[in-house]
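Worksheet: the structure to be examined is printed underneath.
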Amino acid sequence: MKIHSFNVQPNLPESIKFLEELANDMWFTWNWQAILLFVQVDPKLWTASKRNPKWFLGCVPQKRFEELSKDPEFVANVNRVKEAYYQYKKNPQTWYQQNRRENGNLLTAYFSMEYGIGEGLPIYSGGLGMLAGDHIKSASDMGMPIIGVGLFYKQGYVRQVLNREGWQNEEYPDNDWAHMPVERVQDKNGKDITVDIELGQEHVKACIWRVPVGRTSLYLLDTNLQENTPAQRLITEKLYGGDRENRIRQEVVLGIGGVKALAAMGIKPTVYHINEGHSAFLLFQRIIEIMQEKHLSFAQAREIVWASSVFTTHTPVIAGNEHFDPMLVRKYMESYASKMGITWEEFLNLGKELPSSSTYCMTVVALRLTAFANGVAKLHGKVSREMWQNLWPTLPVGEVPITSITNGIHSASWISHELNELYRKYLFNNDQMGEIDASDTKAWDKLDDIPNAELWRVHTIRKEKLIDMARGRLRRQLTRQGLDVMTVNKAGKVLKKDVLTIGFARRFATYKRATLLFKNLDRLDKIVNNPQRPVQFIFAGKAHPADTQGKEFIKTIVNIAQNDQRFKNKIVFVEDYNMNTARYMVQGVDVWLNNPRRPMEASGTSGMKAALNGALTLSILDGWWDEVGPCEFGWSIGGAEKYASEAEQDAVESDALYNLIEQDIAPAYYAKGEDGISLPWLSLMKDSVKHIAQFFNTNRMVKEYYERFYVPANNAGAVLAQDGKAAQVADWRKKIADNWYRVNVVDITPKLETPILMGDKVAFKARVFLGNLTPEDIQVELYLGQRGSLGDIVKEDAVDMTCTGKEGDAYIYEVQVSPVNSGRQDYALRVLPANKDIPNVLTPLFIRWED
Ligand SMILES: *Cc1c(COP(=O)(O)O)cnc(C)c1O
């Protein structure tokens, strides 16, 4: 059967017609004045629409529009937002326009499986999607040329529905494209642009949806087309849905199809950013296109792709990284291997961590084929270098080329509008509509200018809203579960507005240890029911539909909260964690609790959201909080110690958690004066915001990606794309590989057996044999540091030596160094390949130390 459809648009009067335009750009999600317009139209309906303005406008009765179109105040508000929006769209004074410094025209294509842009576009599941959404939004605010590429899921991510026993069931609501801020991408004749993707023996078609996000766009591929078979239509049905086979099909559509879609739309990115390994197949499609276009070999095209690709890894546990059965990969990727002219074996090896590995790992592919790679916090960078050092067996672990760029949040999306007003007024001197740039560190230094009473008043308002939200959700849940009116009404009274409130909300992955707080219920009882200093808790979070243990955690907490008399009304589990719930929670709690098993939380971002809103942090030293370091404005649970067993770790850390709440946190919170304000608490709040908000934001993060990755990747990609350059570099790499065995450092002087004086210069001289290589091919480094216990050396500095001549067959290298530290200094000498045309010399697996 062929079904046709048409679309009925609401008919908005001219004076408020702009609402329609506003509803079609996700820009509204981070502009309170814009959101307020929808609220003013109909607050109840706005909530019911799940904050999806397009759906919302379709439900508002025409009469209401007529009424509003004659309301001068509302029309004035519409015009104000309209002006701000147009100003935003055309503003030539963006950060990027003022600071750009790459050669040529940079355009970064950012690929991700999920995006959290707004709750009206439910194509996210957790932190990975939030980060991707916030990256794109900051790109828009800063005018940075970045576009997003992802998948359009027919069903949004699971909605969590708890049954009476506290067990999580799932609902998969359909995403209704006609009522979402998306549009089909069409060619100039008005025909849908589609791409054809080879999927093993099949071909599948995908269309493209565009989501406007302020100054930029997100492009989403969708296989739910009549031309496709039923099984193909289901490829993009669910985020992380289906079996392993469907997952690899999704990743082929995202990676291969994404590159094809950009080409079909005439978009020509210069840099590709792979956000987690899911989209790494894009590397192969790029290689294929470059081979065809420029008539290059695999090895040559690979140089260009490698130099202009960026990879961000997010998962500090091997098993959590995407692994496929090689047979499955073969089914879908063998044809691409043959297009690249490489054998199946060669293709497979690109995804194997070790020659003996039995799985094909997308992270490994991405690390092998990108010149720029990073973890998402300092500690995570270190953990990643250790995790993946097998890929660079000759490098000291500290030099494994995975750096870190610490995550952030898009401040405007997460800050409460009440607090935003205070920050604007006292810190940013900004009018109501302008953006605030959270990476403006000087502004945050003025935080003490905010009067305590005002800050506390705003915090109290948000806390009351949070408690109202929790009560409302609980009533709704109990009503649905068929409970009696009395029980439902009682739910309207849970939690107290003047009690210290600690929040915990995140995915219920087991490493996040949501139940740690419940390890010793007697101690928890004493804390919660302390007569002078009571404490209450709000929990929220979803488990992955297949994660039974995560669901058990939820059940445990729900049961304690609902059935244990000691905790009734004092601990609440809020159903269906999503962006909206998250906002209420991070904007209203006093303290944000985070207790993952170190070092499994790569970064964590919910704590940054809470901190921006004045909540104090109570966290394990993991992810972003580890990077804050020792401080006075939050609490670390335990140190960075290693434990003999997980049980011991849980015991020690839950004790530490109870002690901190009892002995430090509650006393500080309840040190209230007569005005009901605790000065010690407010001073902690201010210090916390001051230190955290200025760094842990996506404006700073996107700037770092720009400066450290996008600019060099863009420039190196441009150099390598010049005629003959890629061939030259590929030949050079082969020459290095063929000749490296002859590179040898024989001799270094002086040997320095007697002490030298601080400030003296020491002259080093080395003799290096290069075989058929020349000094242009290599770099000799004097490597200074401290001898480690394993006969290695821990780097403090590496100094380039200069070639000063030749003695027989040996090249002479020299350098002078003034030691800056007294005491024993160790040094070693090494030779590395060097080529000014490629960005990251360490990636080739060659390095020669003096024997
Ligand atoms: C911020 C956020 C996350 C990520 O939080 P973590 O601290 O990384 O666990 C997940 N889900 C939602 C809805 C969020 O808003």
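Just so you know, all these numbers are worked out from the coordinates, no wet-lab data involved. Because the structure is predicted, anything quoted here is derived from the model rather than measured. Heads up, the Cβs are rebuilt from the backbone with ideal geometry, glycines too, and the neighbour counts pull from every protein chain shown.
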Given contacts defined as C-alpha pairs under 8 Å and at least six residues apart, what's the relative contact order of the chain, whole-number percent? 11
Taking a virtual spin label 7 Å from the Cα of ASP851 along the C-beta vector, which residues in region 776-809 bring their backbone nitrogen under 18 Å of it? 809
Rounded to two decimals, what ratio of Rg to Rh does region 739-849 give with C-alpha atoms and a Kirkwood Rh? 0.97
Based on other C-beta atoms within 10 Å, arrange SER818, SER279 from fewest to most. SER818, SER279
Which residues qualify? For PHE537, with a placed amide H closer than 5 Å and at least 5 residues away or on another chain, they are ILE502, ILE571, VAL572
Dipole magnitude (debye, nearest 20) for the chain, charges at Cβ of Lys, Arg, Asp, Glu: 1780
What is the Cα centroid distance between region 565-609 and region 71-114, reported in whole angstrom? 32
FRET E, pair GLU170, LYS425, Förster distance 45 Å, beta-carbon r, rounded to 0.05: 0.55
At R0 = 30 Å, FRET efficiency that the Cβ-Cβ distance of LYS294 and ILE267 yields, to 0.05: 0.95
Lys/Arg +1, Asp/Glu -1 at C-beta; the chain dipole; positive extreme among GLY258, GLN722, ASN578: ASN578
Scalar couplings 3J(HN,Hα) for region 97-113 by Karplus 6.51 cos²θ - 1.76 cosθ + 1.60 (θ = phi - 60°), nearest whole Hz, x for Gly and Pro, are 5, 8, 10, 5, 8, 8, 7, x, 10, 6, 9, 9, 9, 9, 10, 8, 5
Can you spot the aspartates and glutamates whose alpha carbon is less than 14 Å from LYS50's alpha carbon? Ignore those fewer than 8 places along the same chain. ASP42, GLU119, ASP174, ASP176, ASP576
Taking the number of other C-beta atoms within 10 Å as the exposure measure, put ARG767, ARG249, ARG100, ARG215 in order starting with the fewest. ARG100, ARG767, ARG215, ARG249
Express the relative contact order of region 14-90 as a whole percentage, based on alpha carbon pairs under 8 Å and six or more residues apart in sequence. 37
Once phi is turned into θ = phi - 60°, what whole-Hz ³J(HN,Hα) does the Karplus curve with 6.51, -1.76 and 1.60 give for every residue of region 143-151, x standing for Gly and Pro? x, 6, x, 10, 10, x, 10, x, 10
Separation of the LEU36 and ASN563 label points, Cα + 7 Å toward Cβ, nm: 4.7
Between GLN40, TYR88, LEU19, whose Cα lies farthest towards the positive end of the dipole of region 14-90 when Lys and Arg beta carbons carry +1 and Asp and Glu beta carbons carry -1, centred on the Cα centre? TYR88
At R0 = 41 Å, FRET efficiency that the Cβ-Cβ distance of GLU418 and GLU20 yields, to 0.05: 0.90
Quick one: THR406, THR312, THR460, THR515, fewest Cβ neighbours within 10 Å first, how do they rank? THR460, THR515, THR406, THR312
Projected area averaged over orientations for the chain, convex hull of C-alpha atoms, nm²: 40.5
Taking region 625-733, the equivalent ellipsoid from its C-alpha gyration tensor has semi-axes in Å, biggest first, of 49, 23, 7
Can you list the lysines whose alpha carbon sits under 20 Å from that of LYS672, skipping same-chain ones fewer than 8 residues off? LYS463, LYS496, LYS497, LYS686
Along the charge dipole of the chain, pointing to its positive end and built from +1/-1 on Cβ of Lys, Arg, Asp and Glu, which listed residue (VAL762, GLN825, SER356) has its Cα farthest out? SER356
